[in-house]
Amino acid sequence: MDVQSCYTEVAVKSALSYMRLPFTPSLAAGLLAFALAGCGTEIISYNRQFRESGISQYQQSAYADAASSFQNAIRQEPGDYTSRYYLGQCYEKLGKLQQAIEQYRTCLEVMTKSLEGKGDREMRRKVVEAYASAISREPEKSDDLTALEKQQRSAENAFILAKIYRDSGDADMALTRFEQAQRIDPQDPQIAKEYGLY
């Protein structure tokens, strides 16, 4: 048992003793749940405060400070995909392209597992664009390309590869991946638009 748990148990027992109630695990659990009920709100509000500070700092071009704020927001709430996207943007501005790519990749994974993230199509479009653009500008991109090529093929995966190959000047591979993305999801307007324009 860690120190915090010991303090909590002592506090609960003391409160029960003061109220002259018998100590039972269910009563202790109920009191503990009641005492901690406000903690979730606190964590969420701290997460939001860090994210809002980060966005403000980012808009003022204070990228190192903004990155620190977004890191704190993510520590409070690892599922905060918006902060992950902006942290990637900060890393790009700071010339840390590989760290930016890692944030975009993680951001897409987090969004896939989040109910809110699955429905946030506009943010996902921005992350996909940033992810593909960052990889295409990377001097040594073979590892990232290999990892993407090994993933189970989906419309989004093929679309990301198409954008990377297009921006890297590999027209044949870009056309192949655009066609593949279109075939997997013919209803996606973004894929259809970029494929048509290319």
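The values are calculated or read from the model by the stated rules, or taken from the named source; none is laboratory data. All values reported here derive from a predicted model rather than from experimental measurement. Neighbour counts are summed over all protein chains in view; Cβ atoms, including those assigned to glycine, are modelled from backbone coordinates with ideal geometry. The area values use the complete protein model at the heavy-atom level, side chains included, leaving out ligands, DNA and RNA. Shrake-Rupley method; radii C 1.70, N 1.55, O 1.52, S 1.80 Å.
Kindly indicate the residue of region 80-119 that is at negative phi and not in a helix (DSSP H, G or I) and also surrounded by the most Cβ atoms within 10 Å (Cβ to Cβ) among those meeting that condition.
Let us first name the residues in region 80-119 that are at negative phi, namely 80-94, 96-119.
From the residues that got through so far, the ones that are not in a helix (DSSP H, G or I) too are 80, 94, 96, 114.
Working: Asp80: 24, Leu94: 14, Lys96: 16, Ser114: 14.
The residue in question is Asp80.
For the subset of region 180-198 comprising residues that are charged (D, E, K, R) and assigned to a helix (DSSP H, G or I), which member is nearest to Ser154 (Cα to Cα)? Only one residue tops the list, namely Arg183. Could you grab me the full set of residues in region 150-175 that are more than 25 Å from the chain's Cα centre (by Cα), touching a residue at least 12 places away in the same chain (Cβ under 8 Å) and farther than 24 Å from Tyr91 by Cα? Met173, Ala174, Leu175 - these are the residues of region 150-175 that are more than 25 Å from the chain's Cα centre (by Cα), touching a residue at least 12 places away in the same chain (Cβ under 8 Å) and farther than 24 Å from Tyr91 by Cα.
Residues that are farther than 21 Å from Gln98 by Cβ, among the β-branched types (Val, Ile, Thr) and assigned to a helix (DSSP H, G or I) occur at least once in region 165-179. Being open to solvent by 70 Å² or more (accessible area, probe 1.4 Å), charged (D, E, K, R) and farther than 13 Å from Ile135 by Cα is the requirement here; does Glu179 meet it? Judged against the criteria, Glu179 is a match. Considering only residues that are outside any loop (DSSP other than H, G, I, E, B), in contact (Cβ under 8 Å) with a residue 24 or more places away in the chain, acidic (Asp, Glu) and open to solvent by 20 Å² or more (accessible area, probe 1.4 Å), which ones fall in region 120-149? The one that is outside any loop (DSSP other than H, G, I, E, B), in contact (Cβ under 8 Å) with a residue 24 or more places away in the chain, acidic (Asp, Glu) and open to solvent by 20 Å² or more (accessible area, probe 1.4 Å): Glu129. Scan region 150-161 and give yes if some residue there is open to solvent by 50 Å² or more (accessible area, probe 1.4 Å) and closer than 21 Å to Thr82 by Cα, otherwise no. Yes, because at least one residue in region 150-161 is open to solvent by 50 Å² or more (accessible area, probe 1.4 Å) and closer than 21 Å to Thr82 by Cα.
Scan region 150-164 for residues that are over 18 Å from Gln98 (Cα atoms) and in a helix (DSSP H, G or I) and the total you get is 7. For region 120-147, the candidate set comprises residues that are small (Gly, Ala, Ser) and over 14 Å from the mean Cα position of the chain (by Cα); within that set, the residue that is nearest to Asp188 (Cα to Cα) is Ala132.
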